[in-house]
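Peer 1: Can you keep this structure in mind? I'll have questions shortly.
The values are calculated or read from the model by the stated rules, or taken from the named source; none is laboratory data. Quick caveat: nothing in here was measured; it's all calculated off a predicted structure. Note: ideal-geometry Cβ built from the backbone for every residue, glycine included; neighbour counts use all protein chains shown. Accessible surface is based on the protein model in full, side chains and every heavy atom, while ligands, DNA and RNA are left aside. Shrake-Rupley method; radii C 1.70, N 1.55, O 1.52, S 1.80 Å.
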Amino acid sequence: MALMLPERHPGTTSKAVAMVFRRIKHIPSSELVCRLALLLDGRSRPHFYAVYRGKYAFLIAVSDATTADLIGKIQGDLFTAGARAAIGDALNLQEQRMLLDFISDVAGEIGACARGDLPVERWILFPNADHESVRRFGEVAGALECRLFGREYCGIQALLELIEESASFPSDTQVLDVLQRMFSPEAAIPESWVPRRKEFTNAASQTQFFLDINQESLAKRDLELSPEAHAAAGETQLRLITGVAGSGKTLVLLYRARMLSMLNPDARILVLTHNRPLSADLNARLKQLAPESKLEWLTYFQWVTPFLKPPPDVIGATARRELIHEAARAECLLSRYPIPFLEEEFEWLTENGLTNEDAYIATERIGRQKGLKEGQRRDVYTLYRAYRQRLARQRKTDWPGVALRFLRQLQAGRAFVAPYDVILIDEAQFFSPVQFETIRMVTKPHGTQILMAADPTQGFLRSRQSWLQSGFEVRGRSQRLQQPYRSTRAILGFATRFYLNQLPDDDEEVNLPSPEQLAGISAGVSPQVEQCRSTQDEIARAANEAIKAVAGGAEPGSILLIHGDGIYTDDVLARLDTRTRGMGVDARHARDRSRVRVCSLNAVTGLEAPIVILFGVDSLLQSICAPSLDAADQAERRRMVTRKLFVGFTRCSDKLLVLCSDASSFSLLSGCVVEQ
């Protein structure tokens, strides 16, 4: 079948255009790609732009004129002065003007001498009029620069034959690119967003880049939000996008958010992600893509906090760890349960809403590798209760507690959130069951569109929860983006070898690139792994390398410094300031990509840059074999650390530098490098 973008036409489409849409869509040829004009910018365009076999271009307009309309106009006194010229206007043959104006704009963009110089078929289809009447009308109306076809040529097989017969003069890449950009500007990608864009350039003058077919198809699916569209679709419309790192999952959500808001200006649209650096980056991109857009990309907690009165006072990570340590010591259980285990178990309890001991005892601890007998569970819950009591006495909470409080207030009717028409969630693998439950509670009874982008390779799906266990049935509703675009083969191969080295028997669904996918991308420069004397030496080296790159001509915004511990951000920014004040910025507050961004590894998911310098990884790697952890805890820690570092490596599109101080870290990481 032909590929039609979008796969469904809006309900506002005229009956004649909808008829042609359905017939083109069912043409039995996978070599035909056809786009319907969405008219997001208000400019007039032909109804369809089709490309056959990747090189033959067709612009198609559709008239709703019937046989009776045509006959009524051509049976008058055709010899009256001016009658012939008036027929076209009388029939409002705006389709021809629309086609010719559009093709003239394309010719002007390309620099062609005249619109007739472009090898582009121009058709007007009359699905409600017989071809003989259409032919006679064409003769009477005078010389036309478009080909007119009646209903006999508007059937599925007839259209295929007509396309095949007309595929005589191919268009070159430049013409096709300009046609696509001017017909579907909603799918055009700013040149500055394209990593290694020279590799994707097919001609010296090409500066056109677009969502690929799969990305565009996902971004344009079910764009209509009318009650009729919801009724046809049924209940909540849920879709999941997965894919290898750098395959464009976030890009699809970004473009979809923009198109939905433009087509449905009154719709309530909620767009969420996992961390502040990514939220800041997406808002900057959205502002560049659609300056007029009122959408704002929020983290989950940025969305939730305004609904909570009084606002939550969230305890810091270090203070939280000390509080857990204090509770374990007071209960004389400190020697039995390592603090890192208790931190993760307490998070799991709160994220699953298990706030009483009996529920905890009865619940299967899905995703928790360390087995606990009933007595041990009672010990752990005693500590959990003591920890929550200490938090309450300080009038503080932790982040999982914020989500649980919001859920309880929604359930009790103490918090009111008007339901949303659309909810878009990026990095959904980091959302917990409680967070998902709050999201379900703000959907509409007749159906809300929910589109999630996730990559289990880059996260934990919150302690190995399945989507079904998190409350979402995604079977038959997920699509995987296959093609990696961001990283070079050298970088993606390095990240993949590291992952498989650390987790050779990982039994979970992961999105590692296949050998075939790796072979299909450019080789690039091998990552560098270098050993420093100390952590402070790593910080100095990372800052100096960024300063050196900028001095060598690199744009500051093309550099991303990632550190394994959030405490280093201020140190790095201070060192960058020694060269140029304001050269760097905490990625959580970056409003654009004009400065060197500095981000912790915990919050870097979703970001990207041509140049990435990753440092401060020793403590992470060493934590895998901490003496306080048993075999099950070590396995879980290895999995977490491996996925964190995989995320860090795959943020890079061009040049990756990894710094470490420990000899064992250096040996492990450098062993994953293969010279290109």
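Peer 1: Could you tell me which numbered condition Ala129 fails, if it satisfies all but one of (1) modelled with pLDDT of 95 or more; (2) closer than 21 Å to Tyr52 by Cβ?
Peer 2: Answer for Ala129: the failing condition is (2).
Peer 1: Okay, next question. Asp398 is checked against (1) at pLDDT below 95; (2) crowded, with 19+ Cβ neighbours inside 10 Å; (3) of a type in the set (Asp, Glu) and fails just one. What number does that condition carry?
Peer 2: Condition (1) is where Asp398 drops out.
Peer 1: Under 7 Å by Cβ, and 6 or more places apart or on different chains, what pairs join a residue from the stretch 599-628 that is of a type in the set (Phe, Trp, Tyr) with one that is assigned to a strand (DSSP E or B)?
Peer 2: If the second residue must be assigned to a strand (DSSP E or B), the pairs left are Phe615/His563; Phe615/Leu659.
Peer 1: Separate question: Give the residues of the stretch 497-535 that are under 25 Å from the mean Cα position of the chain (by Cα), part of a helix (DSSP H, G or I) and either more than 26 Å from Ala454 (Cβ to Cβ) or free of Cβ contacts under 8 Å to residues at least 40 places away in the same chain (or both), sorted by residue number.
Peer 2: Pro515, Glu516, Leu518, Ala519
Peer 1: Now, a different point. If we scan the stretch 360-371, do we find a residue that is exposed (fewer than 15 other Cβ atoms within 10 Å of the Cβ), in contact (Cβ under 8 Å) with a residue 12 or more places away in the chain and either assigned to a helix (DSSP H, G or I) or not β-branched (Val, Ile, Thr) (or both)? Can you show your working first?
Peer 2: Residues of the stretch 360-371 exposed (fewer than 15 other Cβ atoms within 10 Å of the Cβ): 361-364, 366, 371.
Add one more test, that the residue is in contact (Cβ under 8 Å) with a residue 12 or more places away in the chain, and what stays is 361, 366, 371.
Remaining after also requiring either assigned to a helix (DSSP H, G or I) or not β-branched (Val, Ile, Thr) (or both): 361, 371.
Within the stretch 360-371 (the criterion being exposed (fewer than 15 other Cβ atoms within 10 Å of the Cβ), in contact (Cβ under 8 Å) with a residue 12 or more places away in the chain and either assigned to a helix (DSSP H, G or I) or not β-branched (Val, Ile, Thr) (or both)), the answer is yes, since at least one residue qualifies.
Peer 1: Kindly evaluate Phe137 against the criterion of being without any contact (Cβ under 8 Å) to a residue 60 or more places away in the chain, surrounded by 20 or more Cβ atoms within 10 Å (Cβ to Cβ) and among the aromatic types (Phe, Trp, Tyr).
Peer 2: On the way: without any contact (Cβ under 8 Å) to a residue 60 or more places away in the chain: no; surrounded by 20 or more Cβ atoms within 10 Å (Cβ to Cβ): yes; among the aromatic types (Phe, Trp, Tyr): yes.
No: the conditions fail for Phe137.
Let's see how each residue does on (1) of a type in the set (Phe, Trp, Tyr); (2) open to solvent by 10 Å² or more (accessible area, probe 1.4 Å); (3) on the phi > 0 side of the Ramachandran plot:
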| site | (1), (2), (3) |
| --- | --- |
| Ala574 | no, yes, no |
| Asp577 | no, yes, no |
| Gly582 | no, yes, yes |
| Pro610 | no, yes, no |
| Phe615 | yes, no, no |
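Residue by residue, here is whether (1) modelled with pLDDT of 95 or more; (2) surrounded by fewer than 21 Cβ atoms within 10 Å (Cβ to Cβ) holds:
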residue: Gly524; (1), (2): no, no
residue: Gln528; (1), (2): yes, yes
residue: Gly564; (1), (2): no, no
residue: Asp570; (1), (2): no, yes
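Peer 1: Among the residues of the stretch 557-566, is there at least one that is part of a loop (DSSP other than H, G, I, E, B) and of a type in the set (A, V, I, L, M)? If you could, list the steps in order and put the result at the bottom.
Peer 2: To start, the set of residues in the stretch 557-566 that are part of a loop (DSSP other than H, G, I, E, B) comprises 564-565.
Keeping just the survivors that are of a type in the set (A, V, I, L, M) gives none.
No, the stretch 557-566 contains no residue that is part of a loop (DSSP other than H, G, I, E, B) and of a type in the set (A, V, I, L, M).
Peer 1: Test Gln237 against the stated conditions and say whether it is open to solvent by 10 Å² or more (accessible area, probe 1.4 Å) and at pLDDT below 85. Show your work before the answer.
Peer 2: On the way: open to solvent by 10 Å² or more (accessible area, probe 1.4 Å): yes; at pLDDT below 85: yes.
Yes; evaluated as a whole, the condition is true for this residue.
Peer 1: Taking the stretch 413-430 as the search range and keeping residues that are in contact with a strand residue (DSSP E or B) (Cβ under 7 Å, 6 or more places away or on another chain) and closer than 19 Å to Leu308 by Cα, which one is most open to solvent (accessible area, probe 1.4 Å)?
Peer 2: Here the residue is Pro419.
Peer 1: Something else about it: Considering only the stretch 62-96, how many residues are modelled with pLDDT of 85 or more, open to solvent by 30 Å² or more (accessible area, probe 1.4 Å) and of a type in the set (Ser, Thr, Tyr)?
Peer 2: Within the stretch 62-96, residues that are modelled with pLDDT of 85 or more, open to solvent by 30 Å² or more (accessible area, probe 1.4 Å) and of a type in the set (Ser, Thr, Tyr) number 1.
Peer 1: Suppose the filter is at pLDDT 95 or above, open to solvent by 20 Å² or more (accessible area, probe 1.4 Å) and out of contact with any strand residue (DSSP E or B) (no Cβ under 6 Å at 6 or more places or on another chain); does Asp313 pass it?
Peer 2: Values: at pLDDT 95 or above: yes; open to solvent by 20 Å² or more (accessible area, probe 1.4 Å): yes; out of contact with any strand residue (DSSP E or B) (no Cβ under 6 Å at 6 or more places or on another chain): yes.
It is true that Asp313 is at pLDDT 95 or above, open to solvent by 20 Å² or more (accessible area, probe 1.4 Å) and out of contact with any strand residue (DSSP E or B) (no Cβ under 6 Å at 6 or more places or on another chain).
Peer 1: Something else now. Which one is surrounded by the most Cβ atoms within 10 Å (Cβ to Cβ), of the residues in the stretch 33-44 that are out of contact with any Ser or Thr (no Cβ under 9 Å at 6 or more places or on another chain) and modelled with pLDDT of 90 or more?
Peer 2: As a first pass, look at the stretch 33-44 and keep what is out of contact with any Ser or Thr (no Cβ under 9 Å at 6 or more places or on another chain): 33-34, 39-44.
The next check asks that each one be modelled with pLDDT of 90 or more; those that pass are 33-34.
Numbers: Val33: 19, Cys34: 21.
This residue is Cys34.
Peer 1: Only one of Leu278, Leu260, Leu282 is hydrophobic (A, V, I, L, M, F, W, C), within 24 Å of Thr12 (Cβ to Cβ) and crowded, with 19+ Cβ neighbours inside 10 Å; which? Quick ask: steps written out before the conclusion?
Peer 2: Working: Leu278 fails: within 24 Å of Thr12 (Cβ to Cβ); Leu282 fails: within 24 Å of Thr12 (Cβ to Cβ).
When all the criteria are applied, what remains is Leu260.
Peer 1: Residue check: is Leu621 in a helix (DSSP H, G or I) and either at pLDDT 90 or above or aromatic (Phe, Trp, Tyr) (or both)?
Peer 2: Details: in a helix (DSSP H, G or I): yes; either at pLDDT 90 or above or aromatic (Phe, Trp, Tyr) (or both): yes.
When the stated conditions are applied, Leu621 passes them.
Peer 1: For the subset of the stretch 97-122 comprising residues that are acidic (Asp, Glu) and within 36 Å of the chain's Cα centre (by Cα), which member is modelled with the highest pLDDT?
Peer 2: Checked the stretch 97-122; the qualifying residue modelled with the highest pLDDT is Glu121.
Peer 1: Restricting to the stretch 584-594, name every residue that is in a loop (DSSP other than H, G, I, E, B) and open to solvent by less than 30 Å² (accessible area, probe 1.4 Å). Give the steps one after another, and end with the answer.
Peer 2: Here is the first cut: in the stretch 584-594, the ones in a loop (DSSP other than H, G, I, E, B) are 590-594.
Matches in the stretch 584-594: Ala590 only.
Peer 1: Just give me the residues in the stretch 643-676 being within 31 Å of the chain's Cα centre (by Cα) and either among the charged types (D, E, K, R) or surrounded by fewer than 21 Cβ atoms within 10 Å (Cβ to Cβ) (or both), in sequence order. Talk me through it step by step, then tell me what you get.
Peer 2: Residues of the stretch 643-676 that are within 31 Å of the chain's Cα centre (by Cα), as a first pass: 643-659, 669, 672-674, 676.
Result: Arg643, Lys644, Arg651, Asp654, Lys655, Leu657, Cys672, Val673, Val674, Gln676.
Peer 1: If Lys55 passes every condition in (1) over 16 Å from Asp172 (Cα atoms); (2) among the charged types (D, E, K, R); (3) open to solvent by 40 Å² or more (accessible area, probe 1.4 Å); (4) modelled with pLDDT of 85 or more but one, which one does it miss?
Peer 2: Evaluating Lys55 over (1) over 16 Å from Asp172 (Cα atoms); (2) among the charged types (D, E, K, R); (3) open to solvent by 40 Å² or more (accessible area, probe 1.4 Å); (4) modelled with pLDDT of 85 or more leaves (1) as the failure.
Peer 1: Only one of these conditions is not met by Ile559: (1) open to solvent by 20 Å² or more (accessible area, probe 1.4 Å); (2) within 16 Å of Ile611 (Cβ to Cβ); (3) touching a residue at least 40 places away in the same chain (Cβ under 8 Å). Which number is it?
Peer 2: (1)
Peer 1: Going by the conditions given, is Pro627 open to solvent by 30 Å² or more (accessible area, probe 1.4 Å) and assigned to a strand (DSSP E or B)? So that I can check it myself, show each step before the final result.
Peer 2: Working: open to solvent by 30 Å² or more (accessible area, probe 1.4 Å): yes; assigned to a strand (DSSP E or B): no.
Answer is no for this residue.
Peer 1: Which one is farthest from Ile103 (Cα to Cα) among residues in the stretch 153-193 that are free of Cβ contacts under 8 Å to residues at least 40 places away in the same chain and either of a type in the set (Lys, Arg) or open to solvent by less than 30 Å² (accessible area, probe 1.4 Å) (or both)?
Peer 2: Out of the qualifying residues, it is Ala158.
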